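In what follows, a single structure is set out as C-alpha coordinates and then discussed.
The values are calculated or read from the model by the stated rules, or taken from the named source; none is laboratory data. These numbers were taken from a predicted model, which means no experiment stands behind them. Note that we place each Cβ from the backbone using ideal geometry, even for glycine, and neighbour counts take in every protein chain shown. With ligands, DNA and RNA removed, areas are computed over all heavy atoms of the protein, side chains included. Shrake-Rupley method; radii C 1.70, N 1.55, O 1.52, S 1.80 Å.
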Amino acid sequence: MRHFAVVGSGPAGFYTAEALEKAYGDQARIDIIDRYPVPYGLIRFGVAPDHQSLKAVSKRYDKVAESPAVDFIGNVCIGRDLSVSELLELYDAVILATGAPKDRKLGIPGEDMPGVIGSAEFVGWYNGHPDFADLDPPLNGTHAAVIGNGNVALDCARILSKNRHEFEGSDIVGHALDALDSSAIRTVTILGRRGPHQIAMTPKELGEFGHLEEAVPVVDMADFPPVEADQTLEPGLRKSVSLLRGFAELDANKAKRIVFDFFAKPVAIEGDGKVERIIVERTVLDEKGSARGTGETYDIPASLIVSAIGYSTQPIDDVPFDGGKFVNDTGRIGDRLFAVGWARRGPTGTIGTNRPDGYEVADQVAAEMTPGSSSDRSGAAGLKQLLQSRGIMPTDYDDWRKIEETETGRARPGSPREKFVRVEDWLRTLGR
Ligand SMILES: Cc1cc2nc3c(=O)[nH]c(=O)nc-3n(C[C@H](O)[C@H](O)[C@H](O)COP(=O)(O)OP(=O)(O)OC[C@H]3O[C@@H](n4cnc5c(N)ncnc54)[C@H](O)[C@@H]3O)c2cc1C
(Lines give C-alpha, C1' and ligand atoms only; values in the text may rest on other atoms or scores of the structure.)
Protein backbone atom coordinates (compact mmCIF):
# COMPACT_ATOMS: atom_id res chain seq x y z
CA MET A 1 0.00 0.00 0.00
CA ARG A 2 1.14 3.58 -0.77
CA HIS A 3 -0.07 6.81 0.83
CA PHE A 4 -0.25 10.04 -1.15
CA ALA A 5 -1.18 13.53 0.05
CA VAL A 6 -2.54 16.01 -2.47
CA VAL A 7 -2.59 19.47 -0.87
CA GLY A 8 -5.35 21.59 -2.39
CA SER A 9 -8.75 20.53 -3.72
CA GLY A 10 -9.02 22.74 -6.80
CA PRO A 11 -8.97 21.35 -10.33
CA ALA A 12 -5.23 20.52 -10.20
CA GLY A 13 -5.63 18.58 -6.94
CA PHE A 14 -8.60 16.61 -8.22
CA TYR A 15 -7.01 15.77 -11.59
CA THR A 16 -3.91 14.55 -9.73
CA ALA A 17 -6.00 12.39 -7.38
CA GLU A 18 -7.88 11.02 -10.40
CA ALA A 19 -4.61 10.14 -12.16
CA LEU A 20 -3.11 8.52 -9.04
CA GLU A 21 -6.29 6.54 -8.50
CA LYS A 22 -6.17 5.29 -12.10
CA ALA A 23 -2.49 4.34 -11.77
CA TYR A 24 -2.73 2.60 -8.39
CA GLY A 25 -6.33 1.36 -8.05
CA ASP A 26 -6.72 -0.08 -4.56
CA GLN A 27 -2.95 -0.15 -4.03
CA ALA A 28 -2.87 3.44 -2.75
CA ARG A 29 -4.74 5.75 -0.37
CA ILE A 30 -5.01 9.29 -1.69
CA ASP A 31 -5.85 12.09 0.74
CA ILE A 32 -6.93 15.43 -0.70
CA ILE A 33 -6.19 17.98 2.02
CA ASP A 34 -7.66 21.50 1.93
CA ARG A 35 -7.59 24.49 4.25
CA TYR A 36 -11.39 24.80 3.94
CA PRO A 37 -14.08 22.24 4.80
CA VAL A 38 -15.46 22.55 1.25
CA PRO A 39 -13.46 21.67 -1.86
CA TYR A 40 -12.94 22.93 -5.41
CA GLY A 41 -10.77 26.02 -4.90
CA LEU A 42 -11.42 28.56 -7.63
CA ILE A 43 -14.32 26.57 -9.03
CA ARG A 44 -16.19 27.65 -5.92
CA PHE A 45 -14.39 30.92 -5.13
CA GLY A 46 -13.17 32.18 -8.53
CA VAL A 47 -15.22 31.12 -11.54
CA ALA A 48 -18.02 33.65 -11.99
CA PRO A 49 -21.31 32.85 -10.23
CA ASP A 50 -23.24 33.54 -13.46
CA HIS A 51 -21.19 30.85 -15.27
CA GLN A 52 -22.91 27.85 -13.69
CA SER A 53 -22.24 25.55 -16.64
CA LEU A 54 -18.49 25.94 -16.04
CA LYS A 55 -18.85 25.30 -12.34
CA ALA A 56 -20.55 22.02 -13.26
CA VAL A 57 -17.09 20.57 -14.01
CA SER A 58 -17.05 19.79 -10.29
CA LYS A 59 -19.42 16.88 -11.00
CA ARG A 60 -16.44 15.11 -12.51
CA TYR A 61 -14.44 15.76 -9.35
CA ASP A 62 -17.32 14.42 -7.23
CA LYS A 63 -16.75 11.05 -8.85
CA VAL A 64 -13.08 11.13 -7.82
CA ALA A 65 -14.02 12.05 -4.25
CA GLU A 66 -16.46 9.13 -4.13
CA SER A 67 -13.77 6.63 -5.10
CA PRO A 68 -12.94 4.26 -2.20
CA ALA A 69 -9.23 5.07 -2.61
CA VAL A 70 -9.72 8.82 -2.13
CA ASP A 71 -10.49 10.80 1.04
CA PHE A 72 -11.16 14.50 1.53
CA ILE A 73 -9.55 16.01 4.63
CA GLY A 74 -10.69 19.61 5.13
CA ASN A 75 -9.99 22.42 7.57
CA VAL A 76 -6.24 21.72 7.55
CA CYS A 77 -3.83 24.37 6.30
CA ILE A 78 -0.41 23.09 5.33
CA GLY A 79 2.30 25.48 6.41
CA ARG A 80 0.18 26.65 9.35
CA ASP A 81 -1.24 23.52 11.04
CA LEU A 82 1.42 21.15 9.80
CA SER A 83 4.61 21.50 7.77
CA VAL A 84 5.45 19.97 4.42
CA SER A 85 8.34 18.07 6.06
CA GLU A 86 5.88 16.52 8.52
CA LEU A 87 3.62 15.50 5.65
CA LEU A 88 6.57 13.90 3.87
CA GLU A 89 7.21 11.78 6.99
CA LEU A 90 3.63 10.50 6.85
CA TYR A 91 3.14 10.09 3.09
CA ASP A 92 5.09 8.45 0.26
CA ALA A 93 4.63 11.52 -1.93
CA VAL A 94 3.21 14.99 -1.37
CA ILE A 95 1.74 16.95 -4.29
CA LEU A 96 1.18 20.68 -3.74
CA ALA A 97 -1.90 21.91 -5.62
CA THR A 98 -2.35 25.09 -3.61
CA GLY A 99 -3.06 27.41 -6.55
CA ALA A 100 -2.09 31.09 -6.75
CA PRO A 101 -4.44 33.00 -4.47
CA LYS A 102 -2.49 36.27 -4.01
CA ASP A 103 -3.06 39.31 -6.22
CA ARG A 104 -0.02 40.64 -8.05
CA LYS A 105 0.77 44.21 -7.08
CA LEU A 106 0.42 47.06 -9.59
CA GLY A 107 3.62 48.71 -8.38
CA ILE A 108 2.31 52.27 -8.79
CA PRO A 109 1.82 55.07 -6.25
CA GLY A 110 -1.55 55.06 -4.52
CA GLU A 111 -2.32 51.38 -4.97
CA ASP A 112 -2.80 50.84 -1.24
CA MET A 113 -5.46 53.55 -1.03
CA PRO A 114 -8.96 52.53 0.16
CA GLY A 115 -11.08 51.66 -2.86
CA VAL A 116 -8.26 49.85 -4.74
CA ILE A 117 -8.98 46.14 -4.63
CA GLY A 118 -7.27 43.12 -6.14
CA SER A 119 -9.44 40.86 -8.29
CA ALA A 120 -8.84 37.89 -5.94
CA GLU A 121 -10.48 39.94 -3.19
CA PHE A 122 -13.32 41.27 -5.33
CA VAL A 123 -14.05 37.91 -6.96
CA GLY A 124 -13.76 36.20 -3.55
CA TRP A 125 -16.25 38.71 -2.10
CA TYR A 126 -18.99 37.98 -4.65
CA ASN A 127 -18.26 34.24 -4.58
CA GLY A 128 -18.45 33.88 -0.78
CA HIS A 129 -14.75 33.40 0.07
CA PRO A 130 -14.50 33.65 3.88
CA ASP A 131 -11.39 35.87 3.74
CA PHE A 132 -13.31 38.57 1.84
CA ALA A 133 -16.77 38.45 3.41
CA ASP A 134 -16.18 41.89 4.96
CA LEU A 135 -14.61 43.53 1.91
CA ASP A 136 -17.47 45.98 1.34
CA PRO A 137 -16.20 47.42 -1.98
CA PRO A 138 -17.18 51.06 -2.50
CA LEU A 139 -20.06 51.00 -4.98
CA ASN A 140 -21.44 54.44 -4.17
CA GLY A 141 -19.57 56.35 -6.90
CA THR A 142 -20.61 56.45 -10.54
CA HIS A 143 -17.25 55.33 -12.02
CA ALA A 144 -15.16 52.20 -11.58
CA ALA A 145 -12.02 51.02 -13.38
CA VAL A 146 -10.84 47.48 -13.94
CA ILE A 147 -7.16 47.04 -14.80
CA GLY A 148 -6.26 44.10 -17.02
CA ASN A 149 -7.14 42.65 -20.39
CA GLY A 150 -7.93 39.04 -19.54
CA ASN A 151 -11.09 37.10 -18.71
CA VAL A 152 -10.89 37.92 -15.00
CA ALA A 153 -11.11 41.64 -15.87
CA LEU A 154 -14.16 40.82 -18.00
CA ASP A 155 -15.74 38.87 -15.12
CA CYS A 156 -15.27 41.83 -12.75
CA ALA A 157 -16.64 44.40 -15.24
CA ARG A 158 -19.64 42.20 -16.10
CA ILE A 159 -20.52 41.52 -12.46
CA LEU A 160 -20.34 45.28 -11.77
CA SER A 161 -22.71 45.97 -14.67
CA LYS A 162 -25.46 43.37 -14.30
CA ASN A 163 -28.80 43.99 -12.67
CA ARG A 164 -30.39 41.72 -10.05
CA HIS A 165 -32.54 39.97 -12.61
CA GLU A 166 -29.46 39.00 -14.66
CA PHE A 167 -28.11 37.03 -11.70
CA GLU A 168 -31.08 34.61 -11.79
CA GLY A 169 -29.77 31.05 -11.64
CA SER A 170 -26.32 32.13 -10.40
CA ASP A 171 -24.85 31.32 -6.99
CA ILE A 172 -23.67 34.84 -6.21
CA VAL A 173 -23.74 35.35 -2.43
CA GLY A 174 -26.60 37.38 -0.95
CA HIS A 175 -24.39 40.16 0.48
CA ALA A 176 -22.84 40.84 -2.93
CA LEU A 177 -26.14 40.67 -4.78
CA ASP A 178 -27.74 43.23 -2.46
CA ALA A 179 -24.74 45.55 -2.61
CA LEU A 180 -24.51 45.36 -6.41
CA ASP A 181 -28.24 45.91 -6.72
CA SER A 182 -27.95 49.28 -5.01
CA SER A 183 -24.65 50.18 -6.73
CA ALA A 184 -24.38 53.68 -8.26
CA ILE A 185 -21.74 52.63 -10.80
CA ARG A 186 -22.71 53.61 -14.33
CA THR A 187 -19.34 53.52 -16.12
CA VAL A 188 -16.75 50.78 -15.86
CA THR A 189 -13.50 51.45 -17.74
CA ILE A 190 -11.39 48.40 -18.62
CA LEU A 191 -7.75 49.45 -18.96
CA GLY A 192 -5.21 47.55 -21.04
CA ARG A 193 -1.60 48.57 -21.59
CA ARG A 194 -1.61 47.20 -25.12
CA GLY A 195 -4.13 47.00 -27.95
CA PRO A 196 -7.02 44.83 -29.16
CA HIS A 197 -4.62 42.39 -30.85
CA GLN A 198 -2.85 41.73 -27.55
CA ILE A 199 -5.88 40.88 -25.37
CA ALA A 200 -6.18 37.63 -23.41
CA MET A 201 -9.99 37.67 -23.52
CA THR A 202 -11.85 34.74 -25.02
CA PRO A 203 -14.83 35.00 -27.41
CA LYS A 204 -17.40 33.44 -25.09
CA GLU A 205 -16.69 35.93 -22.30
CA LEU A 206 -16.52 38.91 -24.70
CA GLY A 207 -19.67 37.83 -26.51
CA GLU A 208 -21.70 38.20 -23.31
CA PHE A 209 -20.99 41.93 -23.31
CA GLY A 210 -23.19 42.39 -26.35
CA HIS A 211 -26.22 41.03 -24.48
CA LEU A 212 -26.22 42.82 -21.14
CA GLU A 213 -29.59 44.30 -20.24
CA GLU A 214 -28.50 47.68 -18.94
CA ALA A 215 -24.89 48.03 -20.08
CA VAL A 216 -23.31 48.60 -23.46
CA PRO A 217 -19.64 47.96 -24.31
CA VAL A 218 -17.87 50.94 -25.90
CA VAL A 219 -14.74 50.81 -28.06
CA ASP A 220 -12.79 53.47 -29.94
CA MET A 221 -12.13 52.27 -33.49
CA ALA A 222 -8.98 54.41 -33.59
CA ASP A 223 -7.41 51.78 -31.29
CA PHE A 224 -7.80 49.04 -33.91
CA PRO A 225 -5.36 48.17 -36.69
CA PRO A 226 -6.82 47.82 -40.22
CA VAL A 227 -9.25 44.90 -40.30
CA GLU A 228 -7.03 42.95 -42.76
CA ALA A 229 -4.43 42.66 -39.97
CA ASP A 230 -6.85 40.40 -38.06
CA GLN A 231 -6.09 37.65 -40.60
CA THR A 232 -2.69 37.09 -38.97
CA LEU A 233 -4.29 36.26 -35.60
CA GLU A 234 -4.98 32.74 -34.38
CA PRO A 235 -8.70 31.89 -34.79
CA GLY A 236 -9.78 32.38 -31.15
CA LEU A 237 -8.13 35.79 -30.87
CA ARG A 238 -9.45 36.79 -34.31
CA LYS A 239 -12.96 36.02 -33.11
CA SER A 240 -12.44 38.04 -29.94
CA VAL A 241 -11.15 41.01 -31.93
CA SER A 242 -14.05 40.81 -34.34
CA LEU A 243 -16.48 40.80 -31.37
CA LEU A 244 -14.73 43.89 -30.04
CA ARG A 245 -15.04 45.59 -33.44
CA GLY A 246 -18.73 44.70 -33.45
CA PHE A 247 -19.25 46.62 -30.18
CA ALA A 248 -18.86 49.85 -32.18
CA GLU A 249 -22.15 49.03 -33.96
CA LEU A 250 -24.21 48.53 -30.79
CA ASP A 251 -26.93 50.89 -29.66
CA ALA A 252 -25.17 53.00 -27.03
CA ASN A 253 -28.44 54.13 -25.50
CA LYS A 254 -28.24 52.20 -22.23
CA ALA A 255 -27.93 53.29 -18.62
CA LYS A 256 -24.46 51.80 -18.10
CA ARG A 257 -21.28 51.80 -20.19
CA ILE A 258 -18.31 49.46 -20.18
CA VAL A 259 -15.49 51.37 -21.88
CA PHE A 260 -12.54 49.45 -23.35
CA ASP A 261 -9.58 51.80 -23.02
CA PHE A 262 -6.62 50.32 -24.89
CA PHE A 263 -3.00 51.52 -24.96
CA ALA A 264 -3.59 52.86 -21.45
CA LYS A 265 -0.99 52.20 -18.76
CA PRO A 266 -1.92 53.08 -15.15
CA VAL A 267 0.86 55.18 -13.61
CA ALA A 268 -0.69 56.46 -10.36
CA ILE A 269 -3.83 56.35 -8.27
CA GLU A 270 -4.94 59.53 -6.54
CA GLY A 271 -7.59 60.73 -4.11
CA ASP A 272 -8.18 62.45 -0.82
CA GLY A 273 -8.02 59.58 1.69
CA LYS A 274 -9.69 57.24 -0.80
CA VAL A 275 -9.39 56.63 -4.50
CA GLU A 276 -10.91 59.26 -6.78
CA ARG A 277 -9.03 58.87 -10.03
CA ILE A 278 -6.46 56.84 -11.88
CA ILE A 279 -3.74 58.50 -13.92
CA VAL A 280 -3.06 56.72 -17.16
CA GLU A 281 -0.26 57.09 -19.69
CA ARG A 282 -0.96 56.59 -23.37
CA THR A 283 1.25 53.87 -24.85
CA VAL A 284 2.35 52.60 -28.24
CA LEU A 285 3.69 49.18 -29.14
CA ASP A 286 7.45 48.91 -29.62
CA GLU A 287 9.07 46.59 -32.16
CA LYS A 288 8.91 43.67 -29.68
CA GLY A 289 5.18 44.20 -29.12
CA SER A 290 5.63 45.63 -25.60
CA ALA A 291 3.83 48.77 -24.39
CA ARG A 292 6.01 51.90 -24.41
CA GLY A 293 4.80 55.02 -22.61
CA THR A 294 4.42 58.15 -24.76
CA GLY A 295 4.54 60.65 -21.87
CA GLU A 296 0.95 61.77 -22.58
CA THR A 297 -1.22 61.22 -19.49
CA TYR A 298 -4.88 61.67 -18.62
CA ASP A 299 -7.18 61.03 -15.65
CA ILE A 300 -10.05 58.58 -15.39
CA PRO A 301 -12.47 59.16 -12.51
CA ALA A 302 -12.98 56.06 -10.35
CA SER A 303 -14.10 55.50 -6.79
CA LEU A 304 -13.46 51.77 -7.15
CA ILE A 305 -10.47 50.24 -8.90
CA VAL A 306 -10.16 46.49 -9.36
CA SER A 307 -6.74 45.28 -10.52
CA ALA A 308 -6.92 42.03 -12.45
CA ILE A 309 -3.31 41.65 -13.53
CA GLY A 310 -2.51 38.15 -12.29
CA TYR A 311 -1.81 36.11 -9.21
CA SER A 312 0.98 34.46 -7.29
CA THR A 313 1.23 31.38 -5.09
CA GLN A 314 1.35 31.72 -1.30
CA PRO A 315 4.82 30.55 -0.22
CA ILE A 316 5.05 27.65 2.24
CA ASP A 317 8.00 27.26 4.63
CA ASP A 318 10.81 25.00 3.36
CA VAL A 319 9.41 24.87 -0.19
CA PRO A 320 11.57 26.67 -2.77
CA PHE A 321 9.68 29.63 -4.22
CA ASP A 322 10.52 31.89 -7.16
CA GLY A 323 8.33 34.83 -6.14
CA GLY A 324 5.33 33.62 -8.15
CA LYS A 325 5.18 29.83 -7.87
CA PHE A 326 7.06 26.87 -6.37
CA VAL A 327 10.40 26.16 -8.04
CA ASN A 328 9.97 22.88 -9.92
CA ASP A 329 11.21 20.89 -12.86
CA THR A 330 8.21 19.50 -14.79
CA GLY A 331 6.35 19.34 -11.50
CA ARG A 332 9.11 17.96 -9.30
CA ILE A 333 10.16 20.19 -6.42
CA GLY A 334 12.37 17.71 -4.57
CA ASP A 335 12.50 14.16 -3.29
CA ARG A 336 8.86 12.86 -3.21
CA LEU A 337 7.58 16.45 -3.37
CA PHE A 338 5.72 17.78 -6.43
CA ALA A 339 3.62 20.74 -7.58
CA VAL A 340 0.71 20.85 -10.03
CA GLY A 341 -1.68 23.47 -11.40
CA TRP A 342 -1.17 27.15 -10.73
CA ALA A 343 1.29 26.37 -7.91
CA ARG A 344 3.44 24.69 -10.55
CA ARG A 345 2.92 26.82 -13.69
CA GLY A 346 1.64 30.14 -12.45
CA PRO A 347 -1.84 31.56 -13.11
CA THR A 348 -2.42 30.68 -16.75
CA GLY A 349 -4.75 28.53 -18.82
CA THR A 350 -8.20 27.17 -18.29
CA ILE A 351 -9.55 24.60 -15.83
CA GLY A 352 -8.66 21.82 -18.29
CA THR A 353 -5.03 22.98 -18.54
CA ASN A 354 -4.53 21.59 -15.04
CA ARG A 355 -5.38 18.05 -16.12
CA PRO A 356 -2.15 17.15 -17.95
CA ASP A 357 -0.19 18.48 -14.96
CA GLY A 358 -1.88 16.01 -12.63
CA TYR A 359 -1.38 13.11 -15.01
CA GLU A 360 2.26 13.96 -15.67
CA VAL A 361 3.08 14.07 -11.96
CA ALA A 362 1.15 10.85 -11.29
CA ASP A 363 3.27 9.19 -14.02
CA GLN A 364 6.44 10.39 -12.31
CA VAL A 365 5.25 9.08 -8.95
CA ALA A 366 4.27 5.73 -10.45
CA ALA A 367 7.64 5.41 -12.20
CA GLU A 368 9.38 5.79 -8.84
CA MET A 369 6.98 3.83 -6.66
CA THR A 370 5.68 1.05 -8.83
CA PRO A 371 1.99 0.26 -8.27
CA GLY A 372 1.92 -2.83 -6.06
CA SER A 373 4.98 -1.74 -4.03
CA SER A 374 4.50 -0.64 -0.42
CA SER A 375 6.00 1.38 2.42
CA ASP A 376 5.44 1.58 6.17
CA ARG A 377 4.30 5.21 6.16
CA SER A 378 1.11 5.77 8.12
CA GLY A 379 -0.75 8.23 5.85
CA ALA A 380 -4.13 9.49 7.13
CA ALA A 381 -3.95 7.57 10.42
CA GLY A 382 -0.70 9.32 11.37
CA LEU A 383 -1.97 12.65 10.06
CA LYS A 384 -5.12 12.52 12.17
CA GLN A 385 -3.11 11.59 15.27
CA LEU A 386 -0.76 14.51 14.76
CA LEU A 387 -3.61 16.94 14.14
CA GLN A 388 -5.43 15.74 17.25
CA SER A 389 -2.30 16.31 19.34
CA ARG A 390 -2.39 19.93 18.11
CA GLY A 391 -6.09 20.40 18.81
CA ILE A 392 -6.97 20.63 15.11
CA MET A 393 -10.24 19.00 14.05
CA PRO A 394 -10.17 18.03 10.37
CA THR A 395 -13.42 17.68 8.45
CA ASP A 396 -14.24 14.84 6.06
CA TYR A 397 -16.31 13.97 2.99
CA ASP A 398 -19.55 13.61 4.99
CA ASP A 399 -19.01 17.03 6.59
CA TRP A 400 -18.51 18.62 3.16
CA ARG A 401 -21.72 17.02 1.90
CA LYS A 402 -23.61 18.19 4.96
CA ILE A 403 -22.45 21.77 4.37
CA GLU A 404 -23.46 21.61 0.69
CA GLU A 405 -26.87 20.17 1.51
CA THR A 406 -27.44 22.86 4.13
CA GLU A 407 -26.43 25.56 1.63
CA THR A 408 -28.76 24.14 -1.01
CA GLY A 409 -31.58 24.09 1.52
CA ARG A 410 -31.03 27.80 2.17
CA ALA A 411 -31.30 28.74 -1.53
CA ARG A 412 -32.65 32.18 -2.45
CA PRO A 413 -35.21 32.44 -5.26
CA GLY A 414 -33.35 32.11 -8.56
CA SER A 415 -30.21 30.71 -6.97
CA PRO A 416 -29.15 27.06 -6.53
CA ARG A 417 -27.95 27.81 -2.98
CA GLU A 418 -26.97 30.43 -0.47
CA LYS A 419 -23.32 29.84 0.31
CA PHE A 420 -21.86 30.24 3.77
CA VAL A 421 -19.26 32.98 3.81
CA ARG A 422 -17.64 32.41 7.20
CA VAL A 423 -15.60 29.51 8.52
CA GLU A 424 -17.60 29.70 11.80
CA ASP A 425 -20.82 29.13 9.81
CA TRP A 426 -19.38 26.06 8.14
CA LEU A 427 -18.26 24.65 11.47
CA ARG A 428 -21.54 25.54 13.19
CA THR A 429 -23.38 23.59 10.48
CA LEU A 430 -21.29 20.62 11.56
CA GLY A 431 -22.20 21.14 15.21
CA ARG A 432 -18.68 22.28 16.14
C1 LIG B 1 -11.56 34.90 -11.13
C2 LIG B 1 -11.24 33.65 -11.90
C3 LIG B 1 -12.14 33.16 -12.81
C4 LIG B 1 -11.84 32.03 -13.54
N5 LIG B 1 -12.76 31.59 -14.44
C6 LIG B 1 -12.45 30.53 -15.21
C7 LIG B 1 -13.36 30.08 -16.19
O8 LIG B 1 -14.43 30.66 -16.36
N9 LIG B 1 -13.00 29.00 -16.96
C10 LIG B 1 -11.80 28.35 -16.79
O11 LIG B 1 -11.52 27.39 -17.51
N12 LIG B 1 -10.93 28.76 -15.85
C13 LIG B 1 -11.21 29.82 -15.07
N14 LIG B 1 -10.32 30.24 -14.14
C15 LIG B 1 -9.05 29.49 -13.97
C16 LIG B 1 -9.21 28.25 -13.06
O17 LIG B 1 -9.99 28.62 -11.94
C18 LIG B 1 -7.83 27.75 -12.66
O19 LIG B 1 -7.19 27.24 -13.82
C20 LIG B 1 -7.85 26.64 -11.62
O21 LIG B 1 -8.73 26.88 -10.57
C22 LIG B 1 -6.44 26.42 -11.04
O23 LIG B 1 -6.52 25.25 -10.29
P24 LIG B 1 -5.59 24.95 -9.04
O25 LIG B 1 -6.08 23.64 -8.52
O26 LIG B 1 -4.16 25.07 -9.43
O27 LIG B 1 -5.85 26.12 -7.96
P28 LIG B 1 -7.14 26.49 -7.11
O29 LIG B 1 -8.40 26.29 -7.86
O30 LIG B 1 -6.88 27.85 -6.58
O31 LIG B 1 -7.13 25.46 -5.87
C32 LIG B 1 -6.18 25.58 -4.85
C33 LIG B 1 -6.73 24.89 -3.60
O34 LIG B 1 -5.68 24.78 -2.64
C35 LIG B 1 -6.19 25.10 -1.34
N36 LIG B 1 -5.06 25.57 -0.55
C37 LIG B 1 -4.30 26.65 -0.79
N38 LIG B 1 -3.31 26.75 0.10
C39 LIG B 1 -3.46 25.71 0.96
C40 LIG B 1 -2.72 25.26 2.09
N41 LIG B 1 -1.64 25.91 2.53
N42 LIG B 1 -3.14 24.14 2.72
C43 LIG B 1 -4.25 23.47 2.29
N44 LIG B 1 -4.97 23.85 1.20
C45 LIG B 1 -4.57 24.94 0.54
C46 LIG B 1 -7.24 26.17 -1.62
O47 LIG B 1 -8.18 26.29 -0.57
C48 LIG B 1 -7.86 25.64 -2.92
O49 LIG B 1 -8.93 24.76 -2.64
C50 LIG B 1 -10.60 31.37 -13.37
C51 LIG B 1 -9.69 31.86 -12.44
C52 LIG B 1 -9.99 33.00 -11.71
C53 LIG B 1 -9.00 33.53 -10.73
Residue pairs meeting the criteria (Cβ under 6 Å; at least 6 apart or on separate chains; first away from the ligand (no atom under 16 Å from the Cβ), in the range 156-169; second in a helix (DSSP H, G or I) and modelled with pLDDT under 95) = none
Counting only residues in the range 340-369 that are in a loop (DSSP other than H, G, I, E, B) and more than 9 Å from the ligand (Cβ to nearest atom), the one nearest to P320 (Cα to Cα) is identified as G346
Which one is nearest to the ligand (Cβ to nearest atom) among residues in the range 321-336 that are within 16 Å of L87 (Cβ to Cβ) and part of a loop (DSSP other than H, G, I, E, B)?
-> R336
Could you pull out the residue among E287, E296 that is surrounded by fewer than 13 Cβ atoms within 10 Å (Cβ to Cβ), without any contact (Cβ under 8 Å) to a residue 12 or more places away in the chain and among the acidic types (D, E)?
-> E287
For the subset of the range 42-59 comprising residues that are not hydrophobic (A, V, I, L, M, F, W, C) and not in a helix (DSSP H, G or I), which member is most open to solvent (accessible area, probe 1.4 Å)?
-> D50
Could you tell me whether any residue of the range 390-401 is over 26 Å from V57 (Cα atoms), assigned to a helix (DSSP H, G or I) and open to solvent by 40 Å² or more (accessible area, probe 1.4 Å)?
-> no
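Kindly indicate whether any position in the range 217-235 is under 25 Å from the mean Cα position of the chain (by Cα), open to solvent by 10 Å² or more (accessible area, probe 1.4 Å) and not charged (D, E, K, R). Explain how you work it out, then say what you get.
Filtering the range 217-235 for residues under 25 Å from the mean Cα position of the chain (by Cα) gives 217.
Next cut, open to solvent by 10 Å² or more (accessible area, probe 1.4 Å) only: none.
So far as the range 217-235 goes, no, none of its residues is under 25 Å from the mean Cα position of the chain (by Cα), open to solvent by 10 Å² or more (accessible area, probe 1.4 Å) and not charged (D, E, K, R).
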Pair list, Cβ < 6 Å and 6+ apart or interchain, from the range 203-228 residues that are more than 16 Å from the ligand (Cβ to nearest atom) to residues that are open to solvent by 40 Å² or more (accessible area, probe 1.4 Å) and not charged (D, E, K, R) = E214/A255; V216/L250; V216/A252; V219/A248; M221/A248
For the range 276-290, state whether one or more residues are modelled with pLDDT of 95 or more and near the ligand (Cβ under 10 Å from one of its atoms).
-> no
Does the range 311-324 include one or more residues that are of a type in the set (V, I, T), modelled with pLDDT of 95 or more and touching a His at 6+ places or on another chain (Cβ under 8 Å)?
-> no
For the range 13-28, state whether one or more residues are within 12 Å of I73 (Cα to Cα), open to solvent by less than 10 Å² (accessible area, probe 1.4 Å), more than 8 Å from the ligand (Cβ to nearest atom) and more than 17 Å from the chain's Cα centre (by Cα).
-> no
Strands (runs of 3 or more DSSP E) lying entirely in the range 172-283 (those with 3 or more residues that are in contact with a helix residue (DSSP H, G or I) (Cβ under 9 Å, 6 or more places away or on another chain)) | 187-191, 215-218, 256-261
Please work out if D31 is open to solvent by less than 10 Å² (accessible area, probe 1.4 Å), away from the ligand (no atom under 15 Å from the Cβ), in contact (Cβ under 8 Å) with a residue 60 or more places away in the chain and not polar (S, T, N, Q).
-> no
Go through the residues of the range 333-340 one by one and say whether even a single one is surrounded by 15 or more Cβ atoms within 10 Å (Cβ to Cβ), in contact (Cβ under 8 Å) with a residue 24 or more places away in the chain and either under 27 Å from H175 (Cβ atoms) or not hydrophobic (A, V, I, L, M, F, W, C) (or both).
-> yes
